[in-house]
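Notes follow the structure.
The values are calculated or read from the model by the stated rules, or taken from the named source; none is laboratory data. Predicted model, so just to flag it, every value in this text is computed and none were measured. Reconstructed Cβ throughout: ideal geometry from the backbone, glycine too, with neighbour counts over all protein chains shown.
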Amino acid sequence: MNTPALPFRRRIGPALALMFLAPLIAEVLPGATRISSLFVYPIEVCIWGGGALLIREAVRRFGLGWLHTLFLALALSLIEECIVQQTSLAPMVFQAVPGEPFARAFGVNYVYFLWALGYEATFVVLVPIMLTELMFRSRRAQPWLRRPGYIVVSVIFVAACFPAWYSWTQIARVQIFKMPAYNPPVVAISIALFAIVLLILFAIGPSRFRFQAARQPLAPLPPWALALCGFIAATLWYGLVLLAFGIDPKFPPAIPVIAGLAVAATVIYLLPRFAAHQAWSDAHRMGIAFGTIVGAMMVSFVGFIYATLPLDLYGTIVLDALALIGLMRLAMRLRQYPQPG
């Protein structure tokens, strides 16, 4: 499928919007990347934004479905967590109770790893793509890049991985958090690379059609109910990272693991079936995007903003308020000009 002959600015607009929205939604609005640290945002645009855009383009060009998108989103998260920043493999840089690591086994912070996979797949890939396609509805079914653009974004993505790795593992971890440099075992890196390749093959390889079976339609919840469910799910998911930071080292790790997997399984089971129903519309998509983004902003803001600079506090408040206004305006526009399906 070729993109129509549009002016370059209009053709590239949705792609750039997605690249900027992915790290904005996942990192900046919740306060994980603070205003005083926005110098890392360009790298996040290249990696998170570039990765989300490449996934979105692969989905459109190969005619993939929701499950394929999830496979690619998980592969992107594995690249970040195990290859680039290695935060799921290296000992945690922050522990609420020093000296008592929580849920670490076989060289993996496994509760944090579960949180990261779900959070990054959702807030870096799935939600930003959904939101961007709501913003550019007339071009939702089209690829946004031509082949040269796809190559350029791929090169930028790969090139940005090295400074991201070096700035975190060799500078921030050592000089800011006063932690020793950590080199993951070769076995751990090899397993991660194998899993990444396997997920990519599941998504775009010859076996991808096995994951494209039609789902039995299920009448979707009302948009407001989906927004509420998204808000609750985002809030509950944040509990995983709090536990991973060791807020209660005596808490049984099996409980958050089972609960997290149950939440993920419920979402994976229900959403494709909701989306397959004839009543599914942009209002439902907006409900999910609105609820999850607002939930992540509110609960993560409370957790990340303690003991911070006034610039970070008030800057994040302003950005979150602007984001909320933007989401409400988009929701009103979609309601005024509905486009079901």
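The residues listed here are LEU309, LEU270, LEU243; of these, the one that is at pLDDT below 95, more than 26 Å from LEU24 (Cβ to Cβ) and either crowded, with 19+ Cβ neighbours inside 10 Å or in contact with a helix residue (DSSP H, G or I) (Cβ under 7 Å, 6 or more places away or on another chain) (or both) is LEU243. Answer with yes or no whether VAL124 is modelled with pLDDT of 95 or more and out of contact with any Lys or Arg (no Cβ under 6 Å at 6 or more places or on another chain). When the stated conditions are applied, VAL124 passes them. Restrict the check to segment 56-72 and report whether at least one residue is more than 18 Å from TRP144 (Cβ to Cβ) and not in a helix (DSSP H, G or I). Yes: segment 56-72 contains one or more residues that are more than 18 Å from TRP144 (Cβ to Cβ) and not in a helix (DSSP H, G or I). Residue pairs whose Cβ atoms lie under 6 Å apart, sitting 6 or more positions apart in sequence or on different chains, and linking a residue in segment 52-68 that is touching a residue at least 24 places away in the same chain (Cβ under 8 Å) to a partner that is in a loop (DSSP other than H, G, I, E, B), are GLU57/PRO143; GLU57/LEU145; ARG60/PRO143; ARG61/PRO143; GLY65/GLN212. TYR150 meets the conditions (1) modelled with pLDDT under 95; (2) more than 12 Å from GLU57 (Cβ to Cβ); (3) part of a helix (DSSP H, G or I) in every case but one. The failed one is (2).
Between ALA181, ALA121, ALA192, the distinction of being within 17 Å of ILE83 (Cβ to Cβ), touching a helix residue (DSSP H, G or I) at 6+ places or on another chain (Cβ under 6 Å), touching a residue at least 12 places away in the same chain (Cβ under 8 Å) and not in a helix (DSSP H, G or I) belongs to ALA181 only.
Across segment 1-43, which residue is modelled with the highest pLDDT among those that are among the aromatic types (Phe, Trp, Tyr) and exposed (fewer than 15 other Cβ atoms within 10 Å of the Cβ)? By that ranking, first place goes to PHE39. The residue list PRO184, PRO180, PRO249 contains one member that is over 29 Å from ALA276 (Cα atoms) and loosely packed, with under 12 Cβ neighbours inside 10 Å, which is PRO180.
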